[in-house]
Amino acid sequence: MSDISYDFTIPNLGPCKVNSPIQLSKIEGDFIANYVTDDEFIRYKLDTTLDQTCVELSRSELLEKAGPREKIYFNPNHVHAAIVTCGGLCPGINDVIRAVVRCLWNRYGVRRISGIRFGFKGLLPEYGFGIQQLSPEVVDDIHKTGGSILGTSRGGGDRVVEIADAIENLNINMIFIIGGDGTQRGSLEVAEEIERRGLKIGVIGIPKTVDNDLSFIQKSFGFDTAVVKAAESVAAAHMEAHSQINGIGLVKLMGRESGFIATHTAIASHEANFVLIPEVPFELDGPKGFLHYLEERLRSRHHAVIVVAEGAGQDLLESSGGTDDSGNKKLADIGVFLRDKMAAYFKSIGMHINLKYIDPSYQIRSAPAAPIDSIYCERLGNNAVHAAMAGKTKLIIGLVHTKFVHLPIKAVTSKRNYVDPEGSLWRDCLDATSQPILMVNDKDAFLRNSKNKQKK
């Protein structure tokens, strides 16, 4: 993290005067789970040096703990809650929906829970998607399948006034918005519009990004499942490559701007020989380019496995320059590009290869959550409900240093989370793959160009 200060204050809709129906304890040692108070925090920065150990903490250093409060803002009998899922699919969406519904219903006694169909577009009248009523009976088994029981879509989040109109007209008191970076920016704008109208409606974000690229948050749900499934593809690529003469297995994984899935998969599998991610540029040609090192690997070991994140090497390709419905830059296909470049290179030097290209992205996105993700989703959903019932708004539930906390949407969406090329995670990935630290021909010139780009 940089030295930039963030305001981690969480807004409240008003004073909490209603006794929570959840019968918990305030006493340590009585074997009954305890309430959480608004005076409980954790530090967001753990790294320090010996001369900084006694630095006075400011509000910008503290994150509010999540969990059930003794006093809540909303009377459960008057609550109309809504859930919406936006953006691409991700393992665990149904698990989160299930957790939110069951916690509202079973713990707080809320009986009016609406599922908004197909993302933000489900709140726009012209689409006519309608509302799905949710209850434990509806959601009890949905965690066994992938996808979203509510459906999802990209776009529509910029129609802030119309979305706020729909929320107001439906008499919704709290809305749980499951989505990634773009979705949460849209949810903040909706929350601000609701605030301008003087409405007491809680907007709670639940972070969904399989790329794990939201700042401050330890991990996003679905990420662990993605790594499990990606490792299976890498294992298949390795078996194919190892069984062929000069076999090459090329696996393209998700990761538009952040290479966490590719990096974690390589470490987990120990079968990847090269990992290419957006954060670490590389060159194809020349004596210290990727193709040369790949040739060396084939001549010495006769097989190779390459894992590439979808956003890697974009400087080497021609992009259309357009954006998708979520406002994300459309990427050129690095997988197909590398496949064709490798085929042409080895043909030019008269070296036989057997190349297999695997893109499991949509199989991963649509998979049911692995047990570790299911646990995480359950806890995310429960803590989101506790926050909403306590009248909190404009926040995202996140895991930070193994603790669930409330994070302002504004802070979380202020920047992306990236793999640090100089950090320990990438260092461990290099150890797992034994690939060159930097695949560029003129390191000094490369660093100069990088610094000039940063200045611009």
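Brief remarks follow.
- Backbone geometry of the stretch 428-439 corresponds, through the Karplus equation with coefficients 6.51, -1.76 and 1.60 at θ = phi - 60°, to 3J(HN,Hα) couplings of 5, 5, 4, 5, 5, 9, 6, 6, x, 5, 9, 9 Hz, x marking Gly and Pro.
- Sequence-distant residues sharing a close amide H with Gly202 (under 5 Å, placed H): Met174, Ile175
- Computed from phi, the 3J(HN,Hα) profile of the stretch 210-215 under the Karplus parametrisation 6.51, -1.76, 1.60 (θ = phi - 60°) reads 5, 6, 6, 10, 8, 5 Hz, with x in place of Gly and Pro.
- Mean Cα-pair separation over length for the chain, i.e. relative contact order, pairs under 8 Å, 6 or more apart, %: 22
- Mean separation of Cα contacts under 8 Å (6+ apart) over length of the stretch 230-313, as relative contact order %: 42
- Reduced Cα scattering model of the stretch 146-224, Debye log10 I(q)/I(0), q = 0.15, 0.17, 0.23 Å⁻¹: -0.57, -0.71, -1.12
- Whole-percent P(r), the stretch 97-231, all Cα pairs, 5 Å bins from 0: 2, 9, 18, 21, 21, 17, 9, 3, 1, 0.
- Summed residue charge, Cβ within 11 Å of Val18's Cβ, Lys/Arg positive, Asp/Glu negative: +2
- Distance cut-off 23 Å, percentage of C-alpha pairs in the stretch 31-140 lying past it: 53
- Stretchable slack from Lys403 to Val161, in nm (0.36 nm times residue separation minus alpha-carbon distance): 83.6 nm
- Added length on full extension, which subtracts the Cα-Cα distance from 0.36 nm per residue, Thr145 to Gln363: 77.2 nm
- Pairs from Lys17/Lys121; Lys208/Lys443; Lys229/Lys410; Lys219/Lys392; Lys329/Lys403 whose Cα-Cα separation, in the structure shown, is over 30 Å: Lys17/Lys121; Lys208/Lys443; Lys229/Lys410; Lys329/Lys403
- Computed over the chain, the per-residue total of -39500 (n - 2.57) for DSSP H runs of n ≥ 4 gives a 222 nm mean residue ellipticity of -10000 deg cm²/dmol, rounded to 500.
- Debye log10 I(q)/I(0) at q = 0.15 Å⁻¹ for the stretch 381-456, Cα point scatterers: -0.77
- Global form of the stretch 245-316, assessed from the alpha-carbon gyration tensor, a/c cut-off 1.5: oblate
- Model label sites at Leu170 and Leu438, defined 7 Å from Cα along the beta-carbon direction, differ in position by 5.1 nm.
- Crossing angle, helix 160-169 versus the chain [Cα axis fit, 0-90 degrees, rounded to tens]: 40
- Between Arg154 and Gly87, the built amide H atoms are under 5 Å apart, and every one of these is 5 or more places off in sequence or on another chain.
- Helix 443-455 axis, angle to the chain major axis (alpha carbon atoms, nearest 10°): 30
- Taking mean projected area of the Cα convex hull in nm² as calculated from this structure, the corresponding entry among (1) 31.7; (2) 22.6; (3) 25.0 is (3).
- The chain: angle of helix 334-348 to the longest principal axis, Cα-based, in degrees nearest 10: 10
- Nearest-0.05 FRET efficiency for Ile32 and His242, computed from C-beta distance (R0 56 Å): 0.50
- Nonlocal amide H pairs with Leu214, under 5 Å, H built at 1.01 Å: Asn417
- Overall dimensions of the stretch 298-414, expressed as equivalent-ellipsoid semi-axes from the Cα gyration tensor (√(5λ), whole Å, largest first), are 43, 20, 12.
- Computed E for Lys45/Ser414 - FRET, C-beta separation, R0 25 angstrom, nearest 0.05: 0.95
Bear in mind that the values in this text are calculations on the coordinates, not laboratory data. Keep in mind that this is a model prediction, so the values were computed, not measured. Cβ coordinates were reconstructed from backbone atoms using ideal geometry, including for glycine residues, and neighbour counts include every protein chain displayed.
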